[in-house]
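Taking it in order: structure first as structure tokens, then the write-up.
A short reminder: the numbers here are calculations on the coordinates, not readings from a lab. Since the model is a prediction, treat every value here as computed from it, not as a measurement. Ideal geometry is used to build each Cβ from the backbone, glycine not excepted, and the neighbour counts take in all protein chains shown.
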Amino acid sequence: MNRNKIYNVFVFALLFVFSNTGMNAQSTVGKDFWVTFLPNYDLTVDELSLIVAGDDSCTGVVTNPYTGWLTSFTVVPGVITNIYIPQSEAYDGLASDSIINKALHITTTDSISLYASNFKAFTYDLTNVLPTPSLGSNYVIQTYEDYSEFSIVAVEDNTTVDITLAENSISHTAGRLFSVTLNAGQCYQVQAS
């Protein structure tokens, strides 16, 4: 095969791979999000915030549907917007294996990228938040041994979540399936024992 044919086959294969993988990619940009905050190092935090960035001017609202708390924000293109969140609205460091009403619903008039920030002196947690349309239905959570934790946020009522843990939590045994039913805006947080 001559060099030109090899190049053409390579380019075709590369385009084929990118076109097929792109169809299943999750977008991190959207107009509708749900989020909560996990405990930090010693269960206390200094500052919770949402970090917003967008290519176009828009407005948005952050609400906790269970408490009625609401705050509005404006996105300026190319400028990072920080939204400070009261701990009482989206954080409970001691709520392992229980349903809590601590999810925030974020909606905007145009597409944004959203990050959740949990700051404590000498430790800082930051995560990208996926928009609601990008969420799937099956997840594997990768965590550290012994100090693992996760939180599930329901985005619609009567969401039943089946959970099998790799290690014991405070209330559940590893390897045994259990189910939790949540309504929109409710969270179920699990911490390893």
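The table below gives the values:
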quantity: Relative contact order [Cα under 8 Å, 6+ residues apart], the range 66-193, whole percent; calculated: 28 percent
quantity: Antiparallel bridges, percent of DSSP beta bridges restricted to the range 34-91 (to nearest 5); calculated: 90 percent
quantity: Cβ-defined net charge surrounding residue 182, 14 Å radius [Lys, Arg +1; Asp, Glu -1]; calculated: -3
quantity: Check: the range 64-188 dipole with +1 on Lys, Arg Cβ and -1 on Asp, Glu Cβ, in debye; calculated: 200 debye
quantity: Rg [Å, one decimal], Dmax [Å, integer] - the range 86-155, C-alpha atoms; calculated: 13.8, 42
quantity: Cα-based shape type of the range 113-193, given that a ≥ b ≥ c are square roots of the gyration tensor eigenvalues and the cut on a/c is 1.5; calculated: oblate
quantity: Packing-based ranking, highest mean first, of 86-98, 129-141, 105-117 given that Cβ atoms within 10 Å are counted; calculated: 105-117, 86-98, 129-141
quantity: Separation in nanometres of the label points that stand 7 Å from Cα toward Cβ, at residue 132 and residue 97; calculated: 3.2 nm
